[in-house]
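A.B. asks: My questions all concern the structure below.
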Amino acid sequence: MSDQDLVVETVRDILGGFEPFVLTAERRWDAGLWSALADAGLTGVGLPEEAGGSGGELADAVAIVRTLASGAAAVPVAEQLLVAGPALVAADLELPSPAEPLTIALADAVSVHPVDNGDGPGRFTLTGTVTDVAWAGVCPRVVVLAPAPAGIEGAVLALLDVSSLAATDASNLAGEPRGSLVLDGVPASGALLPPARAADVRARYALARAVQLGAALETVLAWTVQYAGERQQFGRPLGKFQAIQMELAEMAGEVTAVTALTDAAVQSLEHGDPGFELAAAAAKVRAGAAVEVVARLAHQVHGAIGFTQEHKLHHLTRRLWSWRDEAGSDLAWSRVLGAGLLADGPDGLWPALTRVV
């Protein structure tokens, strides 16, 4: 058994003790599951030990995120391991203890002002409203990517202590907190990022959601195949009907395409390829397109029972519909992908396509 297999097996063992539940305003996340993962050192995997993390490779962190996504785990591990934590490390900013949940927010409407208080560079104040913050009200600190001060290209990556700020009660379709935070000159430590580095953070966020989508899609397919083999109709399993077989085949094709593009984007990130942003864009767009097909056909095969609160299917399909629209819409990433593929003109289109996939 490889080290990665051991990590996945450990996550599955822990996850087995925490059944998915419907999130509410009173129960916004699975604090017990987070504590168990943190105690096992799994909330710091992929982050360097010298920075306070647990060490390990990107592939290990991705495997953890996939496993938790397939189990509808209500914890901010994807945000911490794949986006917020690596962004802080890359910017040479202090990484909070991995035992503390950390999230990322894209704050395009926030104004950033540098502060010269004699403590050296990297001090800012942030003013404005940060919307759609994943796990708002759960994470005491948020990594914010905001536009750089006027006259400076790029962006500011800042670590904010928001424990004293009230978050709105907004949530996505799955019930995961997605509230807003109002910043009124909130002080923060941060770093200026050039445009390429800022784009990399955004692409990481998109890839994190694509990884989650891919894992959830795989699980929904597996559940649907199993159900079709067990559910009897007119004296034989649903899976024996040609119409159902065609629907399962269509679902499998969608899932395979998402897995291929997501794996390619992860490898691009691992290798430090300059085309990572386009690879992440392709993965996010393809995963978003697959959601409509896979979720629709899964519910069609399951019938009415798949829509009930008691059935497990809704835990993942509601997350699919939610994650699809987060970390940048399909339209936004399609524009990034299209512009990138055409950047070198007509003669460069085919080489660009082959680099992405």
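One line per residue, one yes/no per condition, for (1) surrounded by fewer than 22 Cβ atoms within 10 Å (Cβ to Cβ); (2) among the β-branched types (V, I, T); (3) not assigned by TED's automatic domain parsing to the domain that holds E19:
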position	(1), (2), (3)
A264	yes, no, yes
G275	yes, no, yes
V293	yes, yes, yes
A298	no, no, yes
A304	yes, no, yes
H311	yes, no, yes
R319	no, no, yes
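A.B. asks: State all residues of segment 96-116 that are surrounded by fewer than 19 Cβ atoms within 10 Å (Cβ to Cβ) and either modelled with pLDDT of 95 or more or touching a strand residue (DSSP E or B) at 6+ places or on another chain (Cβ under 7 Å) (or both); if no residue qualifies, say none.
C.D. replies: Initially, segment 96-116 is screened for residues surrounded by fewer than 19 Cβ atoms within 10 Å (Cβ to Cβ), giving 97, 99-100, 108-109, 111, 113-116.
Hits for segment 96-116 are S97, A99, E100, D108, A109, S111, H113, P114, V115.
A.B. asks: Suppose we filter A332, A260 for residues that are among the aliphatic types (A, V, I, L, M), within 27 Å of W135 (Cα to Cα) and at pLDDT 90 or above; which single one remains? Before you say what the answer is, go through the steps one by one.
C.D. replies: Values: A260 fails: within 27 Å of W135 (Cα to Cα).
None of the other options fit; the residue is A332.
A.B. asks: Then there is this: Does S334 qualify as being closer than 19 Å to V83 by Cα, of a type in the set (G, A, S) and in contact (Cβ under 8 Å) with a residue 24 or more places away in the chain? Working first, answer last.
C.D. replies: Working: closer than 19 Å to V83 by Cα: no; of a type in the set (G, A, S): yes; in contact (Cβ under 8 Å) with a residue 24 or more places away in the chain: yes.
No, not satisfied.
A.B. asks: Also, I was wondering about something else. Anything in segment 274-291 that is touching a residue at least 12 places away in the same chain (Cβ under 8 Å) and of a type outside the set (A, V, I, L, M)? List them, or say none. It would help to see each step written out before you state the result.
C.D. replies: Of all residues in segment 274-291, those touching a residue at least 12 places away in the same chain (Cβ under 8 Å) come to 275-291.
G275, F276, E277, K284, R286, G288, listed by residue number.
A.B. asks: Sort out which residues of segment 269-316 are among the β-branched types (V, I, T) and either out of contact with any Lys or Arg (no Cβ under 9 Å at 6 or more places or on another chain) or modelled with pLDDT under 95 (or both), and write them in order of number.
C.D. replies: Answer for segment 269-316, where residues must be among the β-branched types (V, I, T) and either out of contact with any Lys or Arg (no Cβ under 9 Å at 6 or more places or on another chain) or modelled with pLDDT under 95 (or both): V285, V293, V294, V301, I305, T308.
A.B. asks: Of the residues P86, P147, P98, only one is of a type outside the set (K, R) and out of contact with any Gly (no Cβ under 8 Å at 6 or more places or on another chain); which? Show your work before the answer.
C.D. replies: Values: P86 fails: out of contact with any Gly (no Cβ under 8 Å at 6 or more places or on another chain); P98 fails: out of contact with any Gly (no Cβ under 8 Å at 6 or more places or on another chain).
Only one candidate qualifies: P147.
A.B. asks: Tell me, which helices (runs of 4 or more DSSP H) lie completely within segment 248-343 with 1 or more residues that are over 26 Å from R178 (Cα atoms)? Don't jump to the end; show me each part of the working.
C.D. replies: Values: elements: 276-302, 313-324, 330-341.
Once the helices (runs of 4 or more DSSP H) in segment 248-343 are filtered for at least 1 residues that are over 26 Å from R178 (Cα atoms), what remains is 276-302, 330-341.
The values are calculated or read from the model by the stated rules, or taken from the named source; none is laboratory data. Remember, predicted model here, so these are calculated numbers, not experimental data. In this analysis, Cβ positions are derived from the backbone assuming ideal geometry, glycine residues included, and neighbour counts consider all displayed protein chains.
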